[in-house]
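Participant: The following block contains the structure, expressed as structure tokens.
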Amino acid sequence: MTESADHDDLRGTPVGRRVVLGMLGLGAIGLTVGSRVSGALQTVAAKDPTGITALVPGAGGFRYYSVTGAVDDVKPADYRLTVTPKPGAASLTLSHADLSVMPQVVMTKDVQCVTGWRVPSVEWRGVTLRSLLERTGADLTRAAIRFTSFDGTYTESLTMEQALRPDVLVATHLEGEPISNEHGGPVRLYVAPMYFYKSLKWLGGVEVTDEVQPGYWELRGYDVDAWVGQSNGRSDAPIA
Ligand SMILES: Nc1nc2c(c(=O)[nH]1)N[C@H]1C(S)=C(S)[C@@H](COP(=O)(O)O)O[C@H]1N2
Ligand SMILES: [Mo]
């Protein structure tokens, strides 16, 4: 099914398939927020029947998404990440400088949004979630991780097995530059093998949990295990 077909199908359909409703929500929110970016973008978005053409200025092919509208532009010096190493344990706080002295990893991989757009060969830099968990003494025998955003609304999750993969990054740099506010800076998640909704922007909290707690879009019908090409009824090529 195509995105425009989803939207057409939904006209006059009061309730129904959760995934399709979720997709409508995703597209509509991209349009709403994107239209605030600039008048020119609003014009482009308004002409697009799928409503998801709000391009991030100067970021070839990316669309801007935020379920909360504009988010505070937090400077690296003011950034804090709260880590809860096991359920019920006291949390600890990391600064941007703490992240920058952990082993840095660079990976060039695709970005694939579940609504269909793909940006090939994007360079990400940061620390693996694994090394962050190890260095904060997290209990790696627990089931899952829950992520919160300092936008106050968006959440995500990974199983512990997924979280420990080498291609899951707590990212600080995108294409060689500090991640901009639009892209979820100063620190966001990049979950390479999964649809981009797993890559939570404006990362504020990393919490070890005893069960997977489905994230924002997953509560609205998207798959929790969001492998590219093997979930959400899509057949995109996997990200190598
Ligand atoms: N905090 C937060 N993270 C988020 C989202 C969001 O709305 N809020 N949208 C997700 C979705 S659906 C996508 S496609 C990507 C978009 O990232 P971009 O705006 O850098 O292109 O962010 C993901 N992470
Ligand atoms: Mo997305």
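Participant: Which one is nearest to the chain's Cα centre (by Cα) among residues in region 180-206 that are over 17 Å from R125 (Cβ atoms) and more than 8 Å from ligand 1 (Cβ to nearest atom)?
Facilitator: Once the filter is applied, the top-ranked residue is M194.
Participant: Go through region 122-155 and report how many residues are free of Cβ contacts under 8 Å to residues at least 40 places away in the same chain and within 15 Å of ligand 1 (Cβ to nearest atom).
Facilitator: Final tally of qualifying residues: 0.
Participant: Kindly provide the set of residues from region 61-80 that are in contact with a Ser or Thr (Cβ under 7 Å, 6 or more places away or on another chain) and more than 16 Å from ligand 2 (Cβ to nearest atom), ordered by number.
Facilitator: Within region 61-80, Y79, R80 qualify.
Participant: Among the residues of region 98-105, is any of a type outside the set (A, V, I, L, M, F, W, C), surrounded by fewer than 12 Cβ atoms within 10 Å (Cβ to Cβ) and not assigned by TED's automatic domain parsing to the domain that holds L174?
Facilitator: Step one: of region 98-105, the residues of a type outside the set (A, V, I, L, M, F, W, C) are 98, 100, 103-104.
Pick out the ones that are also surrounded by fewer than 12 Cβ atoms within 10 Å (Cβ to Cβ) and you get 103.
Narrowing further to those that are not assigned by TED's automatic domain parsing to the domain that holds L174: none.
So far as region 98-105 goes, no, none of its residues is of a type outside the set (A, V, I, L, M, F, W, C), surrounded by fewer than 12 Cβ atoms within 10 Å (Cβ to Cβ) and not assigned by TED's automatic domain parsing to the domain that holds L174.
Participant: Still on this structure, I have one more. Kindly state which strands (runs of 3 or more DSSP E) lie completely within region 161-240 and contain at least 2 residues that are among the small types (G, A, S). Can you show your working first?
Facilitator: Numbers: elements: 168-174, 188-191, 203-209.
Filter on region 161-240 gives 203-209.
Participant: Restricting the search to region 132-154, which residues are among the hydroxyl-bearing types (S, T, Y) and either assigned to a loop (DSSP other than H, G, I, E, B) or surrounded by fewer than 19 Cβ atoms within 10 Å (Cβ to Cβ) (or both)?
Facilitator: Answer for region 132-154, where residues must be among the hydroxyl-bearing types (S, T, Y) and either assigned to a loop (DSSP other than H, G, I, E, B) or surrounded by fewer than 19 Cβ atoms within 10 Å (Cβ to Cβ) (or both): T136, T141, T153, Y154.
Participant: Sticking with this one: Scan region 113-120 and tell me whether some residue there is out of contact with any Ser or Thr (no Cβ under 8 Å at 6 or more places or on another chain), more than 16 Å from ligand 1 (Cβ to nearest atom), assigned to a loop (DSSP other than H, G, I, E, B) and of a type outside the set (K, R).
Facilitator: No, every residue in region 113-120 fails to be out of contact with any Ser or Thr (no Cβ under 8 Å at 6 or more places or on another chain), more than 16 Å from ligand 1 (Cβ to nearest atom), assigned to a loop (DSSP other than H, G, I, E, B) and of a type outside the set (K, R).
The values are calculated or read from the model by the stated rules, or taken from the named source; none is laboratory data. What you see is a predicted model; the values in this text were computed from it and never measured. As a convention, Cβ positions derive from the backbone with ideal geometry for all residues, glycine included, and neighbour counts pool all protein chains shown.
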